[in-house]
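Novice: This structure is in structure tokens; I'll ask about it shortly.
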Amino acid sequence: MAGLFDKQADVYLDARPTYPKEWYSKLAVLTPHHTLAWDVGTGNGQAALSVAEHYEQVIGTDVSESQLQRAMLHPRVRYAHTPLSITDDELIALVGGEDSVDLVTVAQAVHWFDLPKFYNLVSRVLKKPGGVFAVWCYNDIEVDPTFDPIMKRFHDTTLPFWDKNIQYVFDGYKTLPFPFESVGFGSEGNPLPLDIPKQLSFEGFLKMLRSWSAVTTAKDQGVDLLPEKVVKEFEGAWGGSKLVRSVSYKALCLLEKLGCEACDITVQVQSNPAITSPKL
């Protein structure tokens, strides 16, 4: 994932949906202690700030220095750059040491990770017992029956430009290996569906599309996926460029804890030979 979101870091900060506060309250209830949380792939710190409302300290890490430079500050959040060259032991020490973390969160990012390597890190840093591991993604946005088919057609044009790991998101994390013990909020192969309601302007909608890694990748290859004609079609179906619409992002969540079966993790990652579109 390194570099995928560097170029659109400014757009990313404004464009992505915020997650409901209720999510974080539910996470906090699940951990017996609230000393330390680790937000991985923290980006601009959106999730880290909300986690910090419930935990004494949050470590937000990311491979993207551009994202971290735009991270939102909070007295209980410490951000750290984790380059690809960092060793496992260095990363664990940076976070707080083995058996030290009450909660690990990954918002819209775990599908980019080296899963066997990352899951091993999680198993080392989470407190035993009681540590909780939460990942979530969103893979759809619903506006209305007129707009949604146009969005589906646009999404199909982006398919050649996605990294293959995006298939986990398109599958709604149903195919994401997740070898941990369920706490009743989704499990491997059966993530919990959630909605993220949002008031969204047309400009905000366009920013969201421009923040997609596939749109940036296509642009780097000389392909403009959002030419004037496409923007105008979106604008007409939206109801005008000045209109603010009520939309719903379709999210999926997995909340689990470290069980004995996760102490020696081996993950079979699917090959994903072809990227196919989700139902939009």
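Novice: So, restricting to strands (runs of 3 or more DSSP E) that lie completely within segment 50-155, which ones have at least 2 residues that are modelled with pLDDT under 95?
Specialist: In segment 50-155, 132-142 are the strands (runs of 3 or more DSSP E) which contain 2 or more residues that are modelled with pLDDT under 95.
Novice: Which residue pairs have Cβ atoms under 8 Å apart, sit 6 or more places apart or on different chains, and have a first residue in segment 85-114 that is more than 14 Å from V63 (Cα to Cα) and open to solvent by 50 Å² or more (accessible area, probe 1.4 Å) and a second that is at pLDDT below 95 and assigned to a loop (DSSP other than H, G, I, E, B)?
Specialist: The qualifying pairs are D99/K128.
Novice: Considering only segment 203-257, state which residues are farther than 29 Å from V135 by Cα, open to solvent by less than 50 Å² (accessible area, probe 1.4 Å) and either under 22 Å from the mean Cα position of the chain (by Cα) or acidic (D, E) (or both).
Specialist: E235
Novice: Oh, and also: Which pairs have Cβ atoms under 8 Å, sit 6 or more apart or on different chains, and link a residue in segment 219-233 that is under 17 Å from K207 (Cβ atoms) to one that is open to solvent by 60 Å² or more (accessible area, probe 1.4 Å)?
Specialist: So the pair list comes out as L225/T157; L225/K219; L226/R210.
Novice: Return the total of residues in segment 175-202 being of a type in the set (D, E, K, R) and over 14 Å from A134 (Cβ atoms).
Specialist: 2
Novice: For L200, are the conditions met, namely being without any contact (Cβ under 8 Å) to a residue 60 or more places away in the chain and buried (at least 20 other Cβ atoms within 10 Å of the Cβ)?
Specialist: yes
The values are calculated or read from the model by the stated rules, or taken from the named source; none is laboratory data. Quick caveat: nothing in here was measured; it's all calculated off a predicted structure. Don't worry about glycine lacking a Cβ; one is built from the backbone with ideal geometry, like all the others, and counts go over all protein chains shown. Heavy atoms of the whole protein, side chains included, go into the accessibility calculation; ligands, DNA and RNA do not. Shrake-Rupley method; radii C 1.70, N 1.55, O 1.52, S 1.80 Å.
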